[in-house]
Amino acid sequence: MNDTEDRDLIEQRLRHTLHTLAATVTEGSPEGFDRRPAARRSHRRRWFALGIGAIAVPLAMTAASYVHEGSEYVDTIPRSDIVLSGSVDGSRYLLVESHRTGECGVPVTGVELVEEKKNLLGSEWSTTGYEYGEYLDTGCGYVNDTTRFLEDPARYVDGGAWVGDSFVWVYAVHPDVTGVRITWGDTSEDLRVHEVDGAGYAVFEVPHEVDEYTSELLIGGRVVPGSHEVQSLRRP
Amino acid sequence: MTTEGQPPVLGFEDAYREHRLALLRLAYLVSGSHDVSEDVVQSAFTSAHDRWDQIDTPLPYLRRAVVNLVKDGQRRRLRLRTRAVDRPDVVLPPEVDEMWGQLARLPRVQRAVVVLHYYEDLPLTEVAALLDRPATTVRSDHRRALDKLRKALA
């Protein structure tokens, strides 16, 4: 089959697929317009949250993580944006879905790690963000791209931040990855992966006594080849 | 698309009844999520409601609003992966299921380009205008999407 036939066939399948799927959406129009929002989500609460602003991406950084600090002030965060919350040494933190717009006007995907003490209402924000993928330098700035990452489940982004006196490490992993196995000494722990924007995110609260550990990605309980990595932690 | 003083051909309620299902389908194909579809279509009509007498061509306006809402406002609920897309409550032919799964793996802009071009039958120049992207970029998005699908389905 030549390229033209190949393309024609793909286009034909595309049209067929899209029209078939569209036909499965059969909800009839209601009698009239109702200005209330369509879907009800969880209740919101005032707690601590992120400011809204531009993202500072260090030029040398290629993995999709960033530090977000600046003069804008912490506002509220919807409960539905909270992926998980935790507490280490009495310091509370949240992993929340990012809702920023990055360079080039592209929405930032992924999560931000927010320590409560550093992000009280009305204070200047201070968070670290993690996106699954890598930053590509485009004409207007850096844009996250997942293409190469999606081709290889062993690829991931990781990084951490201090929460109180403890280190919290965040993994951004391939959509097929179901867990992250952490091993140190005779101890092993499988981290739960949370889905955000289609990718997976997991958090490891590094115990005080641990200076080095290994991490492996899991799919259905099996280690993803090539994902084994030794992590060393330098404490101040 | 605005005009001064010219009312739209359709009244708001009529447009709601006439276009809602089509927009739900478009939103579903672009987002892969029934929940997102409901949200963005409702939001699109809500935003249009207060300025309805300024909207000359309701369907293109609403279509643009829906795609942009999926792209911007609801992107966190979009799915990158096949297994995460909402599956309809019907059994799909294998070839349709396979293609739908591969569509879900496309970057969201490429997916929007494909849906608007092959489902809505919009020329790529109109897709570019709707997505507010240069026409050359949209042509590139389109070509890359087809290349990916062709390789994935080979």
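Coordinate-derived values only; no laboratory data. The shown structure was predicted, so the numbers you read here are calculated from the model rather than taken from an experiment. Cβ sites come from the backbone with ideal geometry, for glycine too, and all protein chains shown count toward neighbours.
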- line: Here Rg/Rh (Cα, Kirkwood) for the range B:91-154 equals 1.00
task: Using θ = phi - 60° and the Karplus relation 6.51 cos²θ - 1.76 cosθ + 1.60, list the HN-Hα couplings for the range A:144-155 in order, rounded to whole Hz, with x at every Gly or Pro.
output: 6, 9, 9, 3, 5, 5, 5, 6, 9, x, 6, 6
- line: Partner shielding of A:8-17, as the mean number of partner chain Cβ atoms within 10 Å, equals 6
- prompt: Taking θ as phi - 60°, what are the ³J(HN,Hα) couplings along the range B:52-63 by the Karplus curve (6.51, -1.76, 1.60), each to the nearest whole Hz, with x for Gly and Pro?
  reply: 4, 6, 9, 8, 7, 10, x, 5, x, 4, 5, 4
Efficiency of FRET between A:Leu9 and B:Thr125 - r from beta-carbon atoms, R0 30 angstrom, step 0.05: 0.75
query: When Cβ neighbours within 10 Å are restricted to other protein chains, what is their mean count per residue of peptide B:31-37?
result: 2
task: Find, among the GluC sites (Glu not before Pro) in the range A:145-195, those assigned to loop by DSSP (not H, G, I, E, B) with at most 14 other beta-carbon atoms within 10 angstrom.
output: A:Glu151
task: Within 10 Å, count the other beta carbons around each residue, average over each peptide in A:171-182, A:127-138, and list them highest first.
output: A:171-182, A:127-138
field: Inter-label distance for B:Arg143 and A:Ser232, nm, one decimal - labels placed 7 Å from Cα along Cα-to-Cβ
entry: 4.7
query: By average Cβ neighbour count within 10 Å, what is the ranking of B:34-40, B:125-131 from highest down?
result: B:34-40, B:125-131
